[in-house]
Every structure is written in C-alpha cells, then in structure tokens.
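Novice: Structure incoming, see below.
Bear in mind these aren't lab numbers, they're just calculated from the coordinates by the rules spelled out. Keep in mind the model is a prediction, meaning the values are calculated, not measured. Please note: Cβ atoms are built from the backbone with ideal geometry, for glycine as well, and neighbour counts cover all protein chains shown.
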C-alpha cells in the first residue's frame, strides 16, 4: 500500500510540475491543482496508513497509538482542500481577466508596444 501511495504522489507531482512549466494559463492552474492533490496525499500519509481504527477515543479501548489513527493529518488535509479550492477559484478569475485584457491565454502575454513599429 505504501508503494502505491508513494507512486501516486510522485506521478501527481510530476504531472503538476510539467503543467506548471507550460505557457498557458489553464495548464498552470491545472498544474497547481495536481500539486495540491499530491500535497494532500503526502500530508495524509504522514498520519500512518491504517484502516478500521477510530480517530477519537472510545470507552473500553486503551488510549495508545496502536488502537487509534492520528486525526491531525485528516484535519490538515480538510483545511488544505478548502484553501486549494479558494486558490483555484481566484486563479481562474485572474486568468479570465488576463485573457480578456490581453486577448491571449499565455502566462507572459503583454500588449505590443505602440511606439515600436513605424516611423513618425
């Protein structure tokens, strides 16, 4: 299970970095999304990979780590999902505004200079 999770994190990170290096706004936003998925899986895996164990203390069960899973990574991932959603929404709005202003979806798009092309 650890190998599958580590492979998934590596593949998501590679896809995210590849897309971030592209010159289109949508690719950059998608790359940030894949990197946030990889980060969420990395944080989630930090809390040990266990199944069938409760994150909250129960009566009649010893209160040591052998009987419970760590709830902190779950809370951190939930918070990171909300933050990533907000970041993606803001990035999409900025990309849409940049496209309408520059008539291009290149990340480094700029207006052509009016003074460089003709004699006056």
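Novice: What angle, in degrees between 0 and 90 and rounded to the nearest 10, separates the Cα long axis of helix 25-45 from the longest principal axis of the Cα atoms of the chain?
Specialist: Approximately 10 degrees, to the nearest 10.
Novice: Something else now. If you line up the long axis of helix 71-102 against the longest principal axis of the chain, both from Cα atoms, how many degrees apart are they, to the nearest 10?
Specialist: On a 0 to 90 degree scale, this one is about 10.
Novice: I've got another one for you. Return the FRET efficiency for the residue pair residue 24, residue 75: r is the Cβ-Cβ distance, R0 is 41 Å, and the value is rounded to the nearest 0.05.
Specialist: FRET efficiency, residue 24 to residue 75: 0.75.
Novice: So, one more: How much mean residue ellipticity at 222 nm does the chain get from its helices, if each DSSP H run of length 4 or more adds -39500 (n - 2.57) and you divide by all residues, to the nearest 500 deg cm²/dmol?
Specialist: It comes out at -21000 deg cm²/dmol, rounded to the nearest 500.
Novice: Using label points projected 7 Å from each Cα along Cα→Cβ, tell me how many nm separate residue 100 and residue 53, to one decimal.
Specialist: 5.2
Novice: Relative to the first principal axis of the alpha-carbon coordinates of the chain, what is the inclination of helix 2-20, with its axis defined by its Cα atoms, in degrees from 0 to 90 and to the nearest 10?
Specialist: Tilt of helix 2-20: around 10 degrees.
Novice: Taking the chain as a Gaussian network, Cα atoms linked when under 10 Å apart, which of 38, 66, 95 shows the biggest mean-square fluctuation?
Specialist: Per the Cα network of the chain with a 10 Å cutoff, 66 tops the list.
Novice: Just to be sure I understand: with springs between alpha-carbon atoms less than 10 Å apart, which residue in 56, 93, 77 has the highest mean-square fluctuation in the Gaussian network model of the chain?
Specialist: Result for the chain, Cα springs under 10 Å: 56 fluctuates most.
Novice: Shifting gears a bit: With a 10 Å cut-off between alpha carbons and a GNM built on the chain, which of 60, 47, 16 moves the most?
Specialist: Sorting by GNM fluctuation, first place goes to 60.
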